[in-house]
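Participant: Here it is, the structure, as structure tokens.
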Amino acid sequence: MFEWLSDNRASIAAVLIVAFVCAFVWSVVVGRRQARLRAKDEVFGDPVRTKGGWYWAVCGVSALMLVWFYYSWGTGRAYFPKAANEMCQIAKLEEAVSPIKAALPIGSRYYKSTLLVSRNTAQLDTLERELPTGAFSDVEQSDLLDLVGQIRTLMANASDPSKVNPESKDQLVAITERLDQVSAYLISGPKGLTPSAEALAQPKWGTAFTEIPILPITPKGMLFDTAATDAAEIAGVFNKIRNNFPENDRLIDETKARIAVLKETNESGEFDERTSEQRKSYVKAVERIFRRLDDGFVFPAASLVGVNTAIIALDAAASDAQGSLRIVDALFFPGPGIVKSRTQCTEQGSARWLPKPTDVVATFLRLANPDVEGGGGYRGVTLFWWKWLPIADVVGFFVPDWIADVWPGEFASHGPDGTITPNFKDKLLAFAQGNVSLGYIPMFEGHIWDSLFRVLVALALGIFLGVPLGLFMGVSRFFKSFFDPLIELYRPVPPLAWAPLILTIFGIQDDGKIFLLFMVAFAIMVISARTGASGVQLSKIRASHSLGATDRQIMWNVILPNALPEILTGIRIAVGVCWGTLVAAEMLAGTTGVGFIENIARTVSDYELIWVTILIMGVLGLLFDLVMRWVIQKTIPWRGMG
């Protein structure tokens, strides 16, 4: 069943997109109708006015999902499932001709030869101006300047159309003719082309590790694939063409010999260290420019005009051959499109880092599979499941070993026959260490549970210790003056600043992460409780005293209820901050947890997995917040009703 859903995720997405469009339109209609009906019954600022409105939640979710589908190319894949494969074949052609385009003004506005001549000329001008006269003799200076002039002559000869190597000229003409043939082939269209059985047997787009099938699966794809193969051969021939001719060959040999003499003089050891460094650096710069010309990459601009015209015609033919695919690409595939790199085609733009919703769901379902041996979970740990936990492990966690040490008597020792008879002290130690059988209880396990456990334990400790201290700080001069500097000293420090220190002390186990989260929750709860306690109206306190209430009764029945709104708000804030801090701590150090999964996914650029962890964190954070809203509604229903 799961395999069928995975293979048909594009069709499922098509149905979902229609459903979200309908939900969006319906929610807008209902929302506007409800707004007209209630317009006379509501006043601006009334808290009750914000209740209900679930149809606007549907509107927001639908809009968000439609935007996600569009910019992740989910819409394009749903309704044009073969478009990516055809765009991949077009990208193959673009990759094939890219070496030729690199030498033409199509890609960089200037011929590559023009850029080389411009850069070399500027560097030769600089060498002439910055000739270190103190490092070279007058004769050597004259020789170097003449050498620079000789290099300029090499450039001038290579740029002269009348001096182009006849063989190179013929090769460029042949390149032009072959490119025109490829253009004619594209214009002829895909009629009669049939994809191979191997191509049709490839996994669908997005259902395998290689996201886009590389072999053409449509006649149009076959057309571009064949053209790309021919263009790659042409580009290979083009890259081997060099503008070498006898006149420049003689100058090149002479220049090499003169540079070799200068280098030999520099290695003679006749100069001090500073002078030797100046001489070597200058000669090396001259040689670097010369080697660029020695490669024969500089051509006259006029000799490349034919190739440039042929490439322009090829681009036009490829554009016409795409037909309606150009419109589909422009409307449903936002961003740069698809590029071919080595052995695969990859999506670019937003689709590269924003996975499609159905792909994210498929990744989540794979992680949620509790069968770890069958490929479920992550790194040998389930995402969220349950197990039978020995009760002895729980007892051993809470009961310290020293209880057995302080019990009167001695631990058992082996007898003459080598047997050991445990006494009560031994049994007590085994109980404290969890080495007894006490049965089993069901318990959650997995990456999500590990993260939840750390947050819940730290939050419980923060509330249990922070709220009483905050209340006492709100009513006691001693508690406020004594603890306020301590709390305010560490509270402004970002939690991640403490993380390296705490993780170093406690290690990467749960206790270090829980203590870090406790520090975060404790400070927030102290501040919230203190603010709530100090904000109680004095008239209520004095009225309680006049009625004979004790300090304990005032604290429990007056101050605490009035501080509850601040305390519960502090819990909501603490949950969010703890959750964010936990994920960061798990990314720094850990072997389980949602943050650990995201950290590994980040290192391997697994964007689908990254988005899965983001959505898990968002959903869990929303569930926490919904629970807190329910608690607030039940415990302080009078809030906002005064």
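The values are calculated or read from the model by the stated rules, or taken from the named source; none is laboratory data. Please read all numbers here as calculations on a predicted model, not as lab measurements. Backbone-built Cβ (ideal geometry, glycine too); neighbour counts: all protein chains shown. Please note that ligands, DNA and RNA were not included when accessible areas were found on the heavy atoms of the full protein model with its side chains. Shrake-Rupley method; radii C 1.70, N 1.55, O 1.52, S 1.80 Å.
Participant: At 7 Å along the Cα-to-beta-carbon direction for both residue 511 and residue 433, put a label point, then send me their distance in nm to one decimal.
Facilitator: 1.8
Participant: Helix-only mean residue ellipticity at 222 nm, the chain, DSSP H runs n ≥ 4 weighted -39,500 (n - 2.57), per residue, nearest 500. What is it?
Facilitator: On the way: 29 runs with 439 residues, N = 642.
Computed mean residue ellipticity for the chain: -22500 deg cm²/dmol.
Participant: Can I ask one more? If I stretch the segment between residue 484 and residue 423 completely, what's the gain in nm (0.36 nm per residue apart, minus their alpha carbon distance), one decimal? Intermediate values should be presented prior to the final figure.
Facilitator: Values: separation 61, 0.36 × 61 = 21.96 nm, distance 5.18 nm.
Answer, rounded to one decimal: 16.8 nm.
Participant: Farthest toward the dipole's positive end in the stretch 552-642, which of 564, 610, 554, given Cβ charges of +1 (Lys, Arg) and -1 (Asp, Glu) about the Cα centre?
Facilitator: 554
Participant: Under the rule a/c < 1.5 gives rounded, and otherwise a/b versus b/c splits prolate from oblate, where does the stretch 245-301 land using the Cα gyration tensor?
Facilitator: Working: a/c = 5.43, a/b = 2.22, b/c = 2.44.
Because a/c hits 1.5 or more and a/b fails to exceed b/c, the stretch 245-301 counts as oblate.
Participant: Can you give the angle from 0 to 90° between the axis of helix 273-294 and the longest principal axis of the chain, with both taken from C-alpha atoms, to the nearest 10?
Facilitator: On a 0 to 90 degree scale, this one is about 70.
Participant: Also: Which value, in debye to the nearest 20, describes the size of the charge dipole of the stretch 212-262 about its Cα centre when Lys and Arg Cβ atoms bear +1, Asp and Glu Cβ atoms bear -1, and nothing else is charged?
Facilitator: Details: 6 positive and 7 negative charges, 28 e Å.
So the dipole magnitude of the stretch 212-262 works out to roughly 140 debye.
Participant: Let me ask something additional. Amide H to amide H, which residues 5 or more places from residue 378 or on other chains are under 5 Å from it, using H placed in the peptide plane?
Facilitator: The answer is 383.
Participant: Assign unit charges at the C-beta atoms only (+1 for Lys and Arg, -1 for Asp and Glu), then state the dipole size of the chain relative to its Cα centre in Debye, rounded to the nearest 20. Write down the numbers at each step before the final one.
Facilitator: Details: 60 positive and 64 negative charges, 690 e Å.
For this selection, approximately 3320 debye.
Participant: Right, something else. With θ set to phi - 60° and the Karplus curve 6.51 cos²θ - 1.76 cosθ + 1.60, what are the ³J(HN,Hα) couplings of the stretch 202-216 in order, to the nearest whole Hz, using x for Gly and Pro?
Facilitator: Per-residue couplings from phi come out as 5, x, 5, 4, x, 9, 9, 4, 7, 5, 9, x, 7, 7, x Hz.
Participant: Going by amide H atoms built from the backbone, whose H comes under 5 Å of the H on residue 339, apart from near neighbours?
Facilitator: Amide H neighbours of residue 339: 346, 348.
Participant: Then there's this: With unit charges on the beta carbons (Lys and Arg positive, Asp and Glu negative) and the dipole taken about the Cα centre of the chain, which residue among 381, 493, 54 sits farthest to the positive side?
Facilitator: 54
Participant: Accessible area, 1.4 Å probe, largest first: how do 279, 379, 342 sort? Numbers along the way, then the final one.
Facilitator: Numbers: 279 0, 379 155, 342 210 Å².
Greatest to least solvent exposure: 342, 379, 279.
Participant: Additional query: Using a 1.4 angstrom probe with every protein chain in place, what is the largest-first accessible-area order of 36, 288?
Facilitator: Details: 36 155, 288 120 Å².
Most to least solvent-accessible, the answer reads 36, 288.
Participant: Please state the charge dipole magnitude for the stretch 492-593, taken about the Cα centre, from unit charges on C-beta atoms (+1 on K and R, -1 on D and E), reported in debye and rounded to the nearest 20.
Facilitator: 440
Participant: Give me the percent relative contact order of the chain, please, defined on Cα pairs under 8 angstrom at least 6 residues apart. Don't jump to the answer; show the numbers that get you there.
Facilitator: Details: 776 pairs, mean separation 84.8, N = 642.
Relative contact order comes out at 13 percent.
Participant: Same structure again: For residue 191, list the aspartates and glutamates whose Cα falls under 18 Å from its own Cα; do not include residues on the same chain fewer than 8 positions away.
Facilitator: Reachable aspartates and glutamates: 86, 225, 320.
Participant: With no other cysteine's Cβ closer than 4.7 Å, which Cys residues of the chain count as lacking a disulfide-compatible partner?
Facilitator: Those would be 22, 59, 578, since no other cysteine Cβ in the chain comes under 4.7 Å of theirs.
Participant: While we're here: Read phi for every residue in the stretch 315-325 and hand back ³J(HN,Hα) as whole Hz from Karplus 6.51 cos²θ - 1.76 cosθ + 1.60, θ = phi - 60°, with x for Gly and Pro.
Facilitator: Rounded to whole hertz, the list is 4, 5, 5, 5, 5, 5, 5, 5, x, 5, 4.
Participant: What aspartates and glutamates could a cross-link reach from residue 387, if we take a straight Cα to Cα line under 17 Å and drop same-chain neighbours fewer than 8 places away?
Facilitator: 371, 373, 445, 450
Participant: If you count only protein heavy atoms and use a 1.4 Å probe, how large is the accessible surface of residue 465, to the nearest 10 Å²?
Facilitator: Approximately 80 Å² for this residue.
Participant: Would you mind computing, in nm to one decimal, how far apart the modelled labels at residue 465 and residue 230 are, each placed 7 Å from Cα along Cα→Cβ?
Facilitator: The two pseudo-label positions are separated by 7.7 nm.
Participant: Order the following by accessible area, largest value first: 457, 164. Probe radius 1.4 Å; ligands, DNA and RNA are ignored. Don't jump to the answer; show the numbers that get you there.
Facilitator: Values: 457 45, 164 10 Å².
Listed by decreasing accessible area, they come as 457, 164.
Participant: Separate question: Which residue, chosen from 363, 635, 334, occupies the Cα position most advanced towards the positive end of the dipole of the chain, where the dipole is computed from +1 (Lys, Arg) and -1 (Asp, Glu) charges on Cβ about the Cα centre?
Facilitator: Going by the Cα projections, it comes out as 635.
Participant: Under 29 Å Cα-Cα from residue 169, which lysines qualify once same-chain neighbours fewer than 8 residues away are excluded?
Facilitator: 92, 101, 112, 240, 256
Participant: What FRET efficiency comes out for residue 545 versus residue 573 if R0 is 45 angstrom and r is the Cβ-Cβ distance? Round to the nearest 0.05.
Facilitator: Details: r = 33 Å, r/R0 = 0.73.
Computed FRET efficiency for residue 545 and residue 573 comes out at 0.85.
Participant: Quick one: how many Å² of residue 405 are accessible to a 1.4 Å probe, rounded to 10?
Facilitator: Taking all protein chains as shown, residue 405 has close to 90 Å².
Participant: Output the 0 to 90 degree angle, nearest 10, between the alpha-carbon long axis of helix 607-635 and the longest principal axis computed from the alpha carbons of the chain.
Facilitator: The angle comes out near 30 degrees.
Participant: Assuming 0.36 nm per residue, please report the length gained on full extension of the stretch residue 497 to residue 240 beyond their Cα-Cα distance. Intermediate values should be presented prior to the final figure.
Facilitator: Numbers: separation 257, 0.36 × 257 = 92.52 nm, distance 5.69 nm.
Taking residue 497 through residue 240 to full extension adds about 86.8 nm, to one decimal.
Participant: Starting from 0.36 nm per residue, how many nanometres of slack lie between residue 128 and residue 274 once their C-alpha separation is accounted for?
Facilitator: On the way: separation 146, 0.36 × 146 = 52.56 nm, distance 2.02 nm.
The span from residue 128 to residue 274 would gain 50.5 nm if fully extended.
Participant: To the nearest 10 degrees, how steeply does helix 357-368 sit against the main Cα axis of the chain, on a 0 to 90 scale?
Facilitator: Between helix and principal axis, roughly 60 degrees.
Participant: In whole Å, how far is the Cα centre of the stretch 465-481 from that of the stretch 241-310?
Facilitator: About 81 Å separates the Cα centre of the stretch 465-481 from the one of the stretch 241-310.
Participant: Same structure again: Using alpha carbons only, how many angstrom separate the centre of the stretch 490-539 from the centre of the stretch 150-207?
Facilitator: A separation of 66 Å, based on Cα centres.
Participant: Can you list residues whose amide H is under 5 Å from residue 445's amide H, if they're 5+ apart or on another chain and H is modeled 1.01 Å from N?
Facilitator: Amide H neighbours of residue 445, under 5 Å, 5+ apart: 385, 386, 387.
Participant: For the stretch 528-535, what does the Karplus curve 6.51 cos²θ - 1.76 cosθ + 1.60, with θ = phi - 60°, yield as ³J(HN,Hα) per residue in whole Hz, taken in order and with x for Gly and Pro?
Facilitator: 5, 5, 5, 5, x, 5, 6, x
Participant: If ligands, DNA and RNA are left out, what is the accessible area of residue 480 with a 1.4 Å probe, given in Å² to the nearest 10?
Facilitator: About 90 Å², rounded to the nearest 10.
Participant: Residue 143 to residue 187: FRET efficiency via 1/(1 + (r/R0)^6), r the Cβ-Cβ distance, R0 51 Å, to the nearest 0.05? Intermediate values should be presented prior to the final figure.
Facilitator: Details: r = 58 Å, r/R0 = 1.14.
Efficiency at R0 = 51 Å is approximately 0.30.
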